[in-house]
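Let me begin by presenting the structure, written as structure tokens, before commenting on it.
Nothing in this text is a laboratory measurement; each read-out follows from the coordinates by a stated rule. Note that the structure is predicted; figures quoted are calculated from it, not measured. A quick note on method: Cβ atoms are made from the backbone with ideal geometry, for glycine too, and the neighbour counts reach across all protein chains shown.
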Amino acid sequence: MRRRIKPIVVYVVLALLGLALVIANIHNTSKQQAHLEKVKSAIPSATTPKTTTSSTSDSSDEELILNPIIDLSGWQLPQDIDYDVLSNYISGAIIRVFGGSQISKDSNAASSNGVDKSFKTHIKEFKKRDVPVAVYSYAQGTSVKEMKEEARIFYNNASPYKPTYYWIDVEEETMSNMEEGVQAFRAELKRLGAEKIGLYIGAYFMLEQEVSTKNFDAVWIPAYGTDSGYYEALPNTEIGYDLHQYTSQGSLPGFDNTLDLNQINPEKNKRKTFEKLFGKIKKKSTKNKKTTSTSSTSSATVTSSSRSSKSSTSE
């Protein structure tokens, strides 16, 4: 005859299991919050200009200081931007070249053929000031054929400016098999001569549409939190992304309206990842010096941080 388990024993066991789950959840939440605070502390203030310090130390002793990376389109009109000022508060720019094949009406931002009206000016003005520039295209093709055509328009307009990276911005379900369409866009860009191709996509949308990142050279993911203009949330993904768009409500000197702000994945080597996306970093010995270089050499800040002493940067 089997012994009957007393109800009180069952209640105690269940209570202990519940308590263990609560403790584990609190621990994980605290760990995530601590990591987020560490990341947030590394994000430069919007009032911190780009500074440069001459250094004779080895590269292994140098710390890379990055300002936000911005992405712009024709909705940010050139006449509203003080490029001299804004360039001193960013480490790189990603410019929209093509707004998608579904654009059929002329607007302030794009022509009726989808080509961004301001991309040429944005690229030229930032390159004049030695800001490295990548480009992106908003994917709207409703078939493989249309996706390939969008890739051709994108590449033909962007390639003369020798961008550091080509990004495909995927935000909408425009065809039944988005994976097929996105891969067709990527393959056509590669065929045309684009060497470095990245994918911009939300973590949830990527899973929902079963879009693979494996054939791309880099991944760029948006995650805003409450979108307050500050760094609040990490992307909810296991994918080793390269770039994180952390707000669409950012504010920087040189432009009076809001901006998208981005930073390198804090889990990756900052220098290697930045140079992967924007080209080799060049040290400069004079503060806020303007150049007319159009190469992919970046003007990110490098400061000496040897164990014996730490040089300071002005704010």
Exercise for the section: For an R0 of 41 angstrom, estimate the FRET efficiency from the Cβ-Cβ distance between residue 143 and residue 120 and round to the nearest 0.05. Expected result: 0.90
Practice task
Taking 7 Å along the Cα-to-C-beta vector as the label spot, tell me the residue 212-residue 17 distance in nanometres, rounded to one decimal.
Solution key: 3.9
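Would you mind getting me the FRET efficiency between residue 195 and residue 269? Use the beta-carbon distance for r and R0 = 22 Å, nearest 0.05.
Numbers: r = 21 Å, r/R0 = 0.95.
In this case the efficiency is close to 0.55.
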Exercise for the section: Could you work out the Kirkwood radius for region 59-304, taking every pair of different alpha carbons, averaging 1/r and inverting it, reported in Å? Expected result: 18.2
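Would you please calculate the Kirkwood hydrodynamic radius of region 73-199 over all C-alpha pairs and express it in Å, rounded to one decimal?
Every distinct Cα pair counted, the radius reaches 14.8 Å.
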